[in-house]
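A.B. asks: Take this structure, written in structure tokens, and hold onto it; I'll ask about it next.
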Amino acid sequence: MNFLSHRSTKPIGIIVILICATATIGVLLITREETRPIKILSNISALGIPLDHLNREQALRVLKTAIDDSLKNGWYVNIDGHSVEIEPVDRLIHYDTETVVDQALLIGRSDRPWKNSAVRGRLFFRPIALTTAITLDQAAIQEQLNAYLEKQGMLRAPQDAELHVTFDQKKQTFEAVIKPERPGLTVDFSTAFAAWQKQASQLTFSPLTIQTITIEPLRRAQDLNALLPDIPTWLDRAPFILTAEDQKWKVTTSTLAGWLDGVTNEKSVILGLNEKRMEQTLRTWLQNILRDSRNGKLVLEENLVKEFVAPEEGLALAVSSTAKNIEDGWTNGSSSMAIVLRRAIPTIEGEDAKRLGIKEMIGMGRSNFAGSPVNRRKNIAMGAAKVNGALIPPGEEFSLVKTLGSIDGENGWVKELVIKGNKTVPEYGGGLCQIGTTTFRAALGSGMPITARTNHAYRVPYYEPAGTDATIYEPAPDFRFKNDMEHWVMITTHIQGNDLAFRFWGTKDGRVATQSAPKMFNFVPPPEKKIIETLDLKPGETKCTEKAHTGADARFDYTVNYSNGERKNKTFYSHYKPWGAVCLLGVSKLSTSSTTTGVDETGINNPN
């Protein structure tokens, strides 16, 4: 048994030894191949340079030397008989020699021996010339040449013929002057770059002559001459009114004449509005309205605002749209057209804003407080500052009275006068209903549900259109709404002149809020003027503190459409009492019948 076992294992041992020996020899051969630098096969070239039997370092060195030699005399172009050098060459042209050398080394070295043999056989009869990637910094080259061309006066834009019309207001006549056209001049850069690319691929750089190109203008003097009979018809369209942001400007015949010019449409030259000239006039008119947008910034500390920069909406002039508005207005027989302004909506930057989902405007409300006395303006500014930066978590209800805090002198509020008894009594916080109304309008614009809102007792000019106001007073009535969105909401406020704007920021969820224009009905005339005797004025002196207001009811419909198809409808009703004018009359002694209760716009002695 042992003998037989010994005889059976001997052949197996010999086989194992042979396998191991073969493997060892294979490893030695592979190691020797790897340690020996691989060389490029015969009949392979790049940039016209033979790379036969060169290793990687040798091939790169040969190509670099050839490139440097071709560029050593500089890189020149001939322009208008002058030789201009382009420099620095080493940074304006790049050869990807490393990639092309690596490609050369791989030829005939695949993992299939039979394929390698075939490649090497074909190389003997058909040499391979590899293409090297070459990059020209066209922008830098063109900038360099443009500087020279401009200096030599060889680069100019074409100038169209221009029509200039002036109107004499006294004589009621116009004069038209035509400025002739002038061709433009440029150079054929595209052809030059193609030629340079070819020279670079052949390493044969020689001075290249750049050809100039004449650019013909679009409008010629002869085109404008044909338009002269149309001028009187256009001038007859003045005067008319242009409006923007509640302001108006009158366009006189003289102004319109200065805007007239030949304009090019798809097929011909017609008489029209020169938008550049029109823009110059409009920008002068709108200099206090147009503004750049500014992104905001939000930094929180324990969910309280540590640093906040309010974003500012930008307003830009849309000249082409305004010109179309004017021409459409003429067609429709209108004498008043709107200047079109584009609103640039800013964002709020910062990690906290991103975390809370405060990234875009979701609603906005506006109101105007023109005619307000000084103290009322101070309270409005302070109220806007207190609301500015307010944060409302998802699912939370916002209370305006709570946000404003105690309305007293210790907290910085100032007094406005109201009539109480026979005296004018100052009370703190006069004007805060401007804050309530603006917040109400912004909440409506955002589509969030209103949970508490009270209209004023009678109509107040500050809050027109009637029905869109909200009165507040500490401790009641309050204005409240609920943040029913998935992200936080932040309120920002902005005052410009007499305009107050509140913006709600958060993340839009697809809801769209719409509201109808308020409708007025059930009008009731105001009662007769009420005269209140007072000892605060000199005998016979009068001071009217309340204007007459017609009583009425108002309503508007409000709809919120949600992204899931749900719709919510609500109608807001307002009832306004008729209110007579109230005037104080100075007396030396009060009569026994001269008594009255406090009067104010809310009906609850609230001087807002």
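A.B. asks: Looking at segment 483-499 only, could you name the residues that are over 22 Å from the mean Cα position of the chain (by Cα) and surrounded by 18 or more Cβ atoms within 10 Å (Cβ to Cβ)?
C.D. replies: Result: Asn483, Met485, His487, Trp488.
A.B. asks: In segment 117-150, what residues are in a helix (DSSP H, G or I) and of a type in the set (D, E, K, R)?
C.D. replies: Correct list: Arg120, Arg122, Glu143, Glu150.
A.B. asks: Hey, another quick one. What tally of residues in segment 184-211 results from selecting those that are among the β-branched types (Val, Ile, Thr) and surrounded by fewer than 16 Cβ atoms within 10 Å (Cβ to Cβ)?
C.D. replies: 3
A.B. asks: Restricting to strands (runs of 3 or more DSSP E) lying wholly in segment 234-306: which have 2 or more residues that are more than 29 Å from the chain's Cα centre (by Cα), farther than 30 Å from Ile495 by Cβ and touching a residue at least 12 places away in the same chain (Cβ under 8 Å)?
C.D. replies: Values: elements: 240-244, 247-251, 260-264, 269-273, 296-301.
Of the strands (runs of 3 or more DSSP E) lying wholly inside segment 234-306, those with at least 2 residues that are more than 29 Å from the chain's Cα centre (by Cα), farther than 30 Å from Ile495 by Cβ and touching a residue at least 12 places away in the same chain (Cβ under 8 Å) span 260-264, 269-273.
A.B. asks: Considering only segment 136-172, state which residues are among the hydroxyl-bearing types (Ser, Thr, Tyr) and modelled with pLDDT under 95.
C.D. replies: Residue satisfying the conditions is Tyr148 alone.
A.B. asks: Follow-up question, since we're still on this one. Please enumerate the residues belonging to segment 544-554 that are touching a Ser or Thr at 6+ places or on another chain (Cβ under 8 Å) and surrounded by 16 or more Cβ atoms within 10 Å (Cβ to Cβ).
C.D. replies: Asp553, Ala554
A.B. asks: Of the residues that make up segment 375-394, is at least one surrounded by 14 or more Cβ atoms within 10 Å (Cβ to Cβ), at pLDDT below 95, at positive phi and not aliphatic (A, V, I, L, M)?
C.D. replies: yes
A.B. asks: Specify the residue that is farthest from Thr135 (Cα to Cα); the eligible residues are those in segment 69-116 that are β-branched (Val, Ile, Thr) and assigned to a strand (DSSP E or B).
C.D. replies: Top of the filtered list is Ile79.
A.B. asks: Could you check segment 171-183 and list, in sequence order, the residues that are surrounded by 13 or more Cβ atoms within 10 Å (Cβ to Cβ) and either outside any strand (DSSP E or B) or within 38 Å of the chain's Cα centre (by Cα) (or both)?
C.D. replies: Of everything in segment 171-183, those that are surrounded by 13 or more Cβ atoms within 10 Å (Cβ to Cβ) and either outside any strand (DSSP E or B) or within 38 Å of the chain's Cα centre (by Cα) (or both) turn out to be Lys179, Pro180, Glu181, Arg182.
A.B. asks: Let me ask another. Any residue at all in segment 161-176 that is of a type in the set (Asp, Glu), under 30 Å from Pro232 (Cα atoms) and in contact with a Pro (Cβ under 6 Å, 6 or more places away or on another chain)?
C.D. replies: no
A.B. asks: State whether the residues of segment 211-221 include one that is farther than 25 Å from Glu266 by Cβ, more than 38 Å from the chain's Cα centre (by Cα), touching a residue at least 40 places away in the same chain (Cβ under 8 Å) and assigned to a strand (DSSP E or B).
C.D. replies: So far as segment 211-221 goes, yes, one or more of its residues are farther than 25 Å from Glu266 by Cβ, more than 38 Å from the chain's Cα centre (by Cα), touching a residue at least 40 places away in the same chain (Cβ under 8 Å) and assigned to a strand (DSSP E or B).
A.B. asks: Additional query: Within segment 492-499, is even one residue touching a residue at least 24 places away in the same chain (Cβ under 8 Å), out of contact with any His (no Cβ under 6 Å at 6 or more places or on another chain) and of a type in the set (A, V, I, L, M)?
C.D. replies: yes
A.B. asks: Limited to segment 135-159, what total is found for residues that are within 17 Å of Ile213 (Cα to Cα) and touching a residue at least 40 places away in the same chain (Cβ under 8 Å)?
C.D. replies: Selection size over segment 135-159: 9.
A.B. asks: Oh, and also: Would you check which residues across segment 38-74 are surrounded by fewer than 15 Cβ atoms within 10 Å (Cβ to Cβ) and among the basic types (Lys, Arg) and list them?
C.D. replies: Those that are surrounded by fewer than 15 Cβ atoms within 10 Å (Cβ to Cβ) and among the basic types (Lys, Arg): Arg61, Lys64, Lys72.
A.B. asks: Would you tally the residues in segment 142-177 being among the hydrophobic types (A, V, I, L, M, F, W, C) and within 15 Å of Leu218 (Cα to Cα)? Talk me through it step by step, then tell me what you get.
C.D. replies: The first filter runs over segment 142-177 and keeps only residues among the hydrophobic types (A, V, I, L, M, F, W, C), leaving 145, 147, 149, 154-155, 157, 161, 163, 165, 167, 174, 176-177.
Still in the running and within 15 Å of Leu218 (Cα to Cα): 157, 161, 163.
Residues that pass the stated criteria total 3.
A.B. asks: How many residues does segment 521-534 hold that are without any contact (Cβ under 8 Å) to a residue 60 or more places away in the chain, assigned to a strand (DSSP E or B) and either of a type in the set (Gly, Ala, Ser) or farther than 13 Å from Tyr458 by Cβ (or both)?
C.D. replies: Of the residues in that region, 3 qualify.
A.B. asks: Another one. Can we say Trp285 is touching a strand residue (DSSP E or B) at 6+ places or on another chain (Cβ under 9 Å), at pLDDT 90 or above, of a type in the set (A, V, I, L, M, F, W, C) and farther than 30 Å from Glu312 by Cα?
C.D. replies: no
A.B. asks: I'd like to check something: does segment 295-310 contain any residue that is crowded, with 17+ Cβ neighbours inside 10 Å and either at pLDDT 95 or above or among the polar types (S, T, N, Q) (or both)?
C.D. replies: The answer is no, given that none of the residues of segment 295-310 is crowded, with 17+ Cβ neighbours inside 10 Å and either at pLDDT 95 or above or among the polar types (S, T, N, Q) (or both).
A.B. asks: Mind listing just one residue for me: the one in segment 489-515 that is of a type in the set (D, E, K, R) and in a strand (DSSP E or B) and, of those, modelled with the lowest pLDDT? Break it down stepwise before answering.
C.D. replies: Step one: list which residues in segment 489-515 are of a type in the set (D, E, K, R), which gives 499, 503, 508-509, 511.
Then drop every residue that is not in a strand (DSSP E or B), which leaves 499, 503.
Values: Asp499: 95, Arg503: 92.
Selected residue: Arg503.
A.B. asks: Return the pairs, sorted by first residue and then second, in which the second residue is assigned to a loop (DSSP other than H, G, I, E, B) and polar (S, T, N, Q), the first residue lies in segment 458-473 and is surrounded by 23 or more Cβ atoms within 10 Å (Cβ to Cβ), the beta carbons are less than 6 Å apart, and the residues are 6+ apart or on different chains.
C.D. replies: Between residues of segment 458-473 that are surrounded by 23 or more Cβ atoms within 10 Å (Cβ to Cβ) and residues that are assigned to a loop (DSSP other than H, G, I, E, B) and polar (S, T, N, Q), the close pairs are Asp469/Asn455; Thr471/Thr454; Thr471/Thr602.
A.B. asks: Here is a follow-up. Return the total of residues in segment 322-333 being at pLDDT 95 or above and either part of a loop (DSSP other than H, G, I, E, B) or touching an Asp or Glu at 6+ places or on another chain (Cβ under 7 Å) (or both).
C.D. replies: Looking only at that region, the number is 1.
The values are calculated or read from the model by the stated rules, or taken from the named source; none is laboratory data. These numbers come from a predicted model, not from an experiment. Glycine gets a Cβ as well: all are built from the backbone with ideal geometry, and neighbour counts include every protein chain shown.
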